[in-house]
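One structure is given here, and the rest of the page talks about it.
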Amino acid sequence: HDPKSLLAYRDDIYICLTVLEELDNLKERLDKSVSQDARLVIRMLEDIINGHSSEEMEKGIQLPSTETAKRGKLFIGIDTQIDFAKELKHAIGSDADNRIINYALHMQNELQQNVTIVSRDINMRLKARTIGVDAEDVLV
């Protein structure tokens with residue numbers, strides 16, 4: 001839950017509403033560092049999307065680049081209206097994890113290119129890989 005990880009990637013970043021819900025839930029953690037990091041990420045996202053319409057969020061908002069690295073765009077998508085893939089219809093475990101994996105699989109099919117889930121959650125990464133979605137640990 002490193003807030004800097006949001007800007008550690010040069011690729012486009014797709015965040016679905018379930019990820020925002022998960023960040024909101026992390027704010028209530030007893031571990032103060034986790035709750036502070038969640039608040040920081042939420043503020044960073046707010047700063048990035050502030051002044052942009054929902055259509056612009058769907059089309060992607062350019063992330064700030066540095067002198068040495070050009071970053072991709074931030075997309076915020078609605079995952080709650082996507083039918084579950086057959087691989088996840090009867091999945092057990094975290095409903096939020098399954099919705100996030102389903103969103104990644106949906107985006108992979110929409111974009112017709114590989115999508116990678118970035119998460120500290122080892123089990124989520126294993127589940128994603130099982131149904132054909134790349135997954136890796138956070139870089140930072």
Inset, instruction - Obtain the nm distance between the two label points defined at Q36 and S54 by a simple spin-label model: each point lies 7 Å from its Cα along the Cα-to-C-beta direction. - result: 3.5 nm
Inset, instruction - Mind checking which aspartates and glutamates have their Cα closer than 16 Å to the Cα of K73? Skip sequence neighbours fewer than 8 apart in that chain. - result: D11, D12, E46, D47, E55, E56, E58
Legend entry - Within straight-line cross-link reach of K86, aspartates and glutamates at Cα separation under 20 Å, skipping those fewer than 8 residues along the same chain: D95, D97, E110, D134
Inset, instruction - Provide the per-residue ³J(HN,Hα) series for the stretch 76-82, in order, calculated from phi with Karplus coefficients 6.51, -1.76, 1.60 and θ = phi - 60°, each as a whole number of Hz, with x at glycine and proline positions. - result: 10, x, 9, 9, 6, 9, 8
Legend entry - Two-site FRET efficiency, E46 against K70, from Cβ-Cβ distance with R₀ of 22 Å, rounded to 0.05: 0.45
Inset, instruction - Give the long-range amide H neighbours of G77: residues separated by 5 or more places, or on another chain, with amide H under 5 Å away, using H modelled in the peptide plane at 1.01 Å from N. - result: I15, C16, L17
Inset, instruction - Identify which of Q62, Q108, Q81 has the largest mean-square fluctuation in a Gaussian network model of the chain, with springs joining Cα atoms closer than 10 Å. - result: Q81
Inset, instruction - Only helical DSSP H runs with n ≥ 4 go in: add -39500 (n - 2.57) per run for the chain, normalise by residue count and round the 222 nm mean residue ellipticity to 500 deg cm²/dmol. - result: -13500 deg cm²/dmol
Legend entry - Rough spin-label spacing in nm, given labels placed 7 Å along Cα→Cβ, for N114 and E136: 0.9 nm
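Here, each number is a calculation from the coordinates, and none is a lab measurement. Computed from a predicted structure; not experimentally measured. FYI the Cβ positions are ideal-geometry reconstructions off the backbone, even for glycines, and counts take in every protein chain you see.
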